[in-house]
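Engineer: Let me give you the structure first, and then I'll get to my questions.
Read the figures in this text as sums done on the coordinates, not as results from a lab. As the structure is a prediction and not an experimental result, all values here were calculated from the model. For neighbour counting, all protein chains shown are included, and Cβ atoms are generated from backbone atoms with ideal geometry for every residue, glycine included.
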Amino acid sequence: MANLKEIRNRIASVSSTMQITSAMKMVSAAKLKKAQDAITAMRPYSQKLTELLQNLSATMDGDTGGAFAEQRAINKVLVVAITSNRGLCGAFNSNVIKQVKAVEAMYAGKQVDVITVGKKGNDVLDKTSNITENHSSVYDDLTFENVAAIAESLMDKFAAGEYDRIELVYNHFKNAATQQILTEQFLPLATAENADVDNSNVDYIFEPSKEEIVLSLIPLSLKTQLYKAIRDSFASEHGARMTAMHKATDNATDLRNQLKLTYNKARQAAITNEILEIVGGAEALNN
């Protein structure tokens, strides 16, 4: 059995760790509230914008999406892996990395490049995948304007024919304890046939023309889609970290209690041994 000093040192170490994880849990909980409010407020706008674009496209003949709707033979694929800049959030980052690997395997034999958003994903994927860009700094100032610049770059690459398909891989925020990995097609635009669009009750008055509206909505819709994905991931990160730190704090509490029990048993055994030695010494003197 370890001596009392070693056990005391371990108890102090575990208690210190428990204080750190508890503090990190509270910080993540505070940040989660703000991030959750942001993504919850944004989702209805994003969904309505997508629905409007799909409804308009479904009522039009021919190719209405311009270069962004062009369906090509898939030879060159770009994967946008959205992770975090910090760790200690459970399987949040590793799940994205695994999904990126699955997407690469799905397009085996084709050119697959990766753009990372987040240092953690970049650090791992840089060793195994062909990373062309890293936009980890977007988290320093997560605004629509900064994300829109990344979206414009992706749109330019697709329009120029550098890639035939662009996929987003990120964590979708469901609640603080649950994040769902999504692989979402960014470009080309999903056709009206692939989207469940019900335009039976749609009645719009167009000003200017329907075509001009659609062409102006497409870039906005794509920028909003990417911004929503990064916001989703950002909220998921804080939820995952809060859950991970909560579990870590509980585990540290259990370990500290076990160590205290071990310490008390060792102390009791030491006291018993001392008493036995005293009694034995007294009996030896009497004899």
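Engineer: Can you compute the helix-only [θ] at 222 nm over the chain? Use -39500 (n - 2.57) per DSSP H run of at least 4 residues, normalise by all residues, nearest 500 deg cm²/dmol.
Structural biologist: Details: 5 runs with 170 residues, N = 287.
Calculated at 222 nm, the ellipticity per residue is -21500 deg cm²/dmol.
Engineer: What's the long-distance tail for segment 69-113, i.e. % of Cα pairs beyond 13 Å? It would help to have the intermediate numbers written out before the result.
Structural biologist: Working: 608 of 990 pairs.
Across segment 69-113, Cα pairs with separations above 13 Å total 61 percent.
Engineer: May I ask for the angle, rounded to the nearest 10°, between helix 144-159 and the longest principal axis of the chain, with both axes built from Cα atoms and the value confined to 0 to 90°?
Structural biologist: 60
Engineer: Further, regarding this structure: For V80, list long-range residues whose amide hydrogen, built 1.01 Å from N in the peptide plane, is under 5 Å from its own amide hydrogen.
Structural biologist: Residues meeting the amide H criterion: I115, E167, L168, V169.
Engineer: So which trypsin sites (Lys or Arg not before Pro) in segment 111-161 pass both tests, a DSSP loop state and at most 15 other Cβ atoms within 10 Å of the Cβ? Intermediate results must be reported in sequence, preceding the final value.
Structural biologist: On the way: sites: K119, K120, K127, K157; in loops: K127.
Loop-located and lightly packed - K127.
Engineer: Of E162, E104, E212, which has the largest mean-square fluctuation in a 10 Å C-alpha GNM of the chain?
Structural biologist: E212
Engineer: Nearest 20 debye, what's the magnitude of the dipole of the chain about its Cα centre given +1 on Lys and Arg Cβ and -1 on Asp and Glu Cβ? Walk me through the intermediate numbers first.
Structural biologist: On the way: 31 positive and 34 negative charges, 364 e Å.
The dipole magnitude comes to about 1740 debye.
Engineer: What does DSSP give for the chain in terms of the percent of beta bridges that are antiparallel, rounded to the nearest 5? Mind dumping the intermediate values first?
Structural biologist: Numbers: 9 of 25 bridges.
Percentage antiparallel, nearest 5: 35.
Engineer: In terms of Cα to Cα distance under 29 Å, which lysines are near enough to K260, apart from those fewer than 8 places away along the same chain?
Structural biologist: K5, K25, K247
Engineer: Treating each Cα of segment 120-172 as an identical point scatterer and ignoring solvent, apply the Debye formula and state log10 I(q)/I(0) at q = 0.15, 0.28 Å⁻¹.
Structural biologist: Taken in order of the listed q values, log10 I(q)/I(0) reads -0.53, -1.26.
Engineer: Could you tally the net charge around N95, taking each other residue with its Cβ under 12 Å from the Cβ of N95, Lys/Arg +1 and Asp/Glu -1?
Structural biologist: Working: positive: K98, K101, K120; negative: E237.
Residues near N95 contribute +2 overall.
Engineer: Can you check what the net charge comes to around D126, using other residues whose Cβ is under 13 Å from the Cβ of D126 (Lys, Arg +1; Asp, Glu -1)?
Structural biologist: Details: positive: K119, K120, K127; negative: D113, D123, E133.
The answer is 0.
Engineer: Among 214-227, 251-264, how do they line up by average Cβ neighbours within 10 Å per residue, starting with the highest?
Structural biologist: Working: 214-227: 18.6, 251-264: 14.9.
Highest-to-lowest ranking by the protection proxy: 214-227, 251-264.
Engineer: In addition: Once you charge only the Cβ atoms, +1 for Lys and Arg and -1 for Asp and Glu, what is the size of the charge dipole of segment 205-286 about its Cα centre, to the nearest 20 debye? Mind showing how you got there, number by number?
Structural biologist: Numbers: 10 positive and 10 negative charges, 16 e Å.
With only Lys, Arg, Asp and Glu charged at Cβ, the dipole is about 80 debye.
Engineer: With the cut-off at 22 Å, report for segment 34-135 the share of all Cα pairs above it, as a whole percent. Numbers along the way, then the final one.
Structural biologist: Working: 2721 of 5151 pairs.
I get 53 percent for the Cα pairs in segment 34-135 exceeding 22 Å.
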